[in-house]
Structures are given as structure tokens and as C-alpha cells.
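Below is one structure, written out as C-alpha cells, with a few remarks after it.
Taken together, the values in this text are just the output of simple stated rules run on the coordinates, not laboratory data. From a predicted model like this one, the values you see are computed outputs, not experimental measurements. Note: ideal-geometry Cβ built from the backbone for every residue, glycine included; neighbour counts use all protein chains shown.
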Amino acid sequence: MDSVECLVIGAGVVGLAIARALARSGREVVVLESEPVIGSGVSSRNSEVIHAGIYYPTGLDKTRLCVEGKAMLYAFCQEYGVPHRRCGKILVATTEGEIGELAAIKRQAEANGVTDLGWLGRDEARGLEPALAVTKALLSPSSGIIDSHAFMLALLGDAEQRGAMLALGTPVVSGRTAARGLIIETGGPNPTQIAANIVVNSAGLGAQALARSIAGMPREKIPPLHLAKGSYFALAAPSPFSHLIYPIPTPGGLGIHLTLDISGRARFGPDVEWIEAIDYAVDPGRGDAFYAAIRSYWPDLPDGALQPDYSGVRPKIERPGGSSADFLIQDQRGHGVAGLINLFGIESPGLTSSLAIADWVARIVRETRAAT
């Protein structure tokens, strides 16, 4: 039987960030990934936005980790040469009735420690974005975009330089508690058993199933998984916008907004569709709702300009239509299993928060190891 000090399950952006943080702290780390490539789940199907920390309720771990993680992420990108751009975000009120909602968003942001939002009048907003239909707006200068795949490669490279090892195509079949930590059984072409002092469950959409596969993990401590699918449509023409454009948020998401990739290509989304099983197909019929939503802030969007692009599924632990749930980072104090750290509900702003989440998990591991 193989043995390792720390076993991280899931090579998405958060799992890789955790592996790097543990390796940098001198831990022996192995990362298991069921797929043949890194970041093929939630991490490859997001908007690649660096969020400022504007919308989330004050006091949540999610909010604090987003604000802390944003600064860490920009610093990481500078140090490691990860393509990114601090392009800024414009939050728009398209009617007089929406201005009050913008004001509430600004107050929420300030309570979260995001103090750089500034008001834009109609002419100021159109001076920045002439194609924009707007009554009043907020400018978030610290919002940006990132090449998420390049970020994951940089995380992996730094982790491996410090001794971490990655095993692709290695699904976890089951686990059980042991005298010191856990024993994890893997499948794939080379099935094996691995004894680990610390196991970090960062399996994203599979986190609940993984937790259920570990004998001794209390089922009542595993939150429900609600699948919120978000589809994106790409603009089949050069973008008339240089900023991210966000409407007033909608239940379950931030509205059908305009994002940009590093090359400047525009895409719109995600919408929100509650589903029972993971399905990444984009229904062209959803485009009608996209046209209507986008034309509220870009009325000159031409007919036929949108093409189905891709979709992602958010691993929500809240009920559809429920209040904003926090990230759930659960150690022995939360479930009673020594050596196991579960990460549930790590959706947006998980990418922005990833480095801060990683530091938090590394601190839990340090405290756990010091107590044994």
C-alpha cells in the first residue's frame, strides 16, 4: 500500500491551489484526478472573471475569501506571467427603477470592503462604452479577466517544483478511516490503495458523491447538491465593449452579462437552469431569452449575432431560489472524521477565491498535524 502525508482529490483550480499551498508549506502532496486532464469540470466552464467581491452577503466566508483572493490572484498573475487584464466592470441600471438596486449593491460592496466602486452618469457611462443603453451605472475598476487554464498550469507547475505529484485518470472508488488518517482506494488502469494522513475532498460536482463513498463519513453532514446549469452564447462579431457589462442580478445568478476573454472575444451568460443530471449541451432555443436580456443594455445587438458556445454547472448547496449559501469547508470539527477536509458548494467566486481558500485549508492542515 502506498502512503502519503496529504492527498488532494480533484485537479480543478481550487484543488491545484490547495496542492500548491500544501507543497509550499513543506508537505508531501499527491493530487488525484479522475479525468485525463486537469480542470475539465467546473474550472473549465466558467466566465474567467476576477470578481471584486461586490454582491455577496457580508460575513460569509465566501465574501471574505473573494476579497482576499482577488488581491492574491492579481499578484500571482504578475509574478507567474499568467495572462489577465484588469478591464473593469460596469454594472448598469437601464431604468430609473433599477437605480435603487444599484445603490443597494454599492452599499453591500462597501460593507464587504470593496470601496472602489464609483457612480457613472449616463453620459459618463456612454463615454466609456458608446453602445451601452444606461440610465446610471457603477464602475468596478478592480474586476477583471484571467486565462484560467494558464492559471491552473502555473499552479500545477509551482506545486510540482516543490515536490507535489499529479495522478491523472485516477478516480476514487471508496475510502475508509484508519488509525492515522484515511485509506483511499482508486480505480482506473492502475487501481491501488493509498494511506493518507490528510485527505482534501476538492472534487467539485463530485464532492458529495466522494464524501458518501468514505465509510465513517456521517451522511447527515453531507449537504445536498443542486445543479444550476448556465449556458453561454458567443458574439459572432468583434465586441463593441471593452469592459465587462453586468445587469441587475437575478435569482440564482448575476444576470446574463457580457464577459470578455483574453483575446477580446465577447460572450454572454450564464443564465440559470436548474437540472437533475449533468448535461453540457447548449440549447439554441435559449437564445431568444438571451437576445431579450442583452438588448435591455445593448439595444443594437443584431439579429443572428449570437452563437451557442458552452455551458457550465454550478455545484450549489442551496435550494433553487434560496438565499445565497456560503462555501462549506468542513474539517473534523464539522463531521468527526479525523484527517478529512471536505469542500462543498465551491461555485462562483471560487476561481477568484482559490488562493485564499488554499491558504485556509493549509492552515487547517497545519493545525491538524500540530495536534497529532
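Treating only the Cβ atoms of Lys and Arg (+1) and Asp and Glu (-1) as charged, compute the dipole magnitude of the range 306-372 about its Cα centre; round to the nearest 20 debye.
The calculation lands at about 200 debye.
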For the range 153-231, what class follows from the C-alpha gyration tensor (a ≥ b ≥ c being the square roots of its eigenvalues): rounded when a/c is under 1.5, otherwise prolate if a/b is larger than b/c, else oblate? oblate
Near G118, within a Cβ-to-Cβ distance under 13 Å, what is the net charge of the other residues, with Lys and Arg +1 and Asp and Glu -1? 0
Enumerate the amide H contacts of R314 below 5 Å, restricted to partners 5 or more residues apart or on another chain; note that Pro and chain-start residues carry no placed amide H. A228, K229, G230
Return the whole-Å distance between the Cα centroid of the range 76-93 and the Cα centroid of the range 206-257. 20
Hey, what do the phi angles of the range 169-181 turn into as Karplus ³J(HN,Hα) couplings, whole Hz, using 6.51/-1.76/1.60 and θ = phi - 60°, x for Gly and Pro? x, 10, x, 8, 8, 6, x, 8, 6, 9, 4, 10, x
Long-range amide H partners of S239 with built H, under 5 Å: A266
With charges only on Cβ, +1 for K and R and -1 for D and E, what is the dipole size of the range 223-372 about its Cα centre, in debye, rounded to 20? 480
Return a whole-number percent for the relative contact order of the range 39-143, with Cα pairs under 8 Å and 6 or more residues apart as the contact set. 35
Calculated from DSSP helices alone, with each H run of at least 4 adding -39500 (n - 2.57) and the total divided by the residues of the chain, [θ]222 nm to the nearest 500 comes to -9000 deg cm²/dmol
Kindly work out what percent of the DSSP beta bridges joining two residues of the range 174-231 are antiparallel, to the nearest 5. 80
Quick one: what are the phi-derived ³J(HN,Hα) couplings along the range 37-42, Karplus 6.51/-1.76/1.60 with θ = phi - 60°, whole Hz, x for glycine and proline? 9, 6, x, 8, x, 4
Among L301, A289, L340, whose Cα projects farthest towards the positive end of the dipole of the chain, with charges put on the beta-carbon of Lys, Arg (+1) and Asp, Glu (-1)? L340
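Calculate the dipole size of the range 78-150 relative to its Cα centre from +1 charges on Lys and Arg beta carbons and -1 charges on Asp and Glu beta carbons; express the result in debye to the nearest 20.
Values: 8 positive and 10 negative charges, 7 e Å.
Roughly 40 debye for the range 78-150.
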Any chance you could list the semi-axes, whole Å, largest first, of the equivalent ellipsoid that the Cα gyration tensor gives for the range 218-308, using √(5λ)? 28, 14, 13
Separation of alpha-carbon centers, the range 20-38 and the range 347-372, rounded to whole Å: 13
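Antiparallel as a % of all DSSP beta bridges within the chain, to the nearest 5? Don't skip to the end; give the middle numbers.
On the way: 46 of 68 bridges.
The answer is about 70 percent antiparallel.
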Peptides ranked, highest mean first, by Cβ atoms within 10 Å: ranges 291-302, 55-66: 55-66, 291-302
Using the count of nearby Cβ atoms within 10 Å as a rough guide to exposure, how do S43, S213 rank from fewest to most? S213, S43
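Need one number: the % of Cα-Cα pairs in the range 1-120 sitting beyond the 21 Å mark.
Of the Cα pairs, 55 percent sit more than 21 Å apart.
If you wrap a convex hull around the C-alpha atoms of the chain and split its volume per residue, what is the figure in Å³? Let's see the in-between values first.
On the way: hull volume 49.2 nm³, N = 372.
Hull volume normalised by residue count: 132 Å³.
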Gaussian network model of the chain, springs between alpha carbon atoms under 10 Å - residue of A179, A52, A195 with greatest fluctuation: A179
Would you grab the residues whose amide H sits under 5 Å from the one on L340? Only those 5+ places off in sequence or on another chain, please, with H modelled 1.01 Å from N. V199, Q332
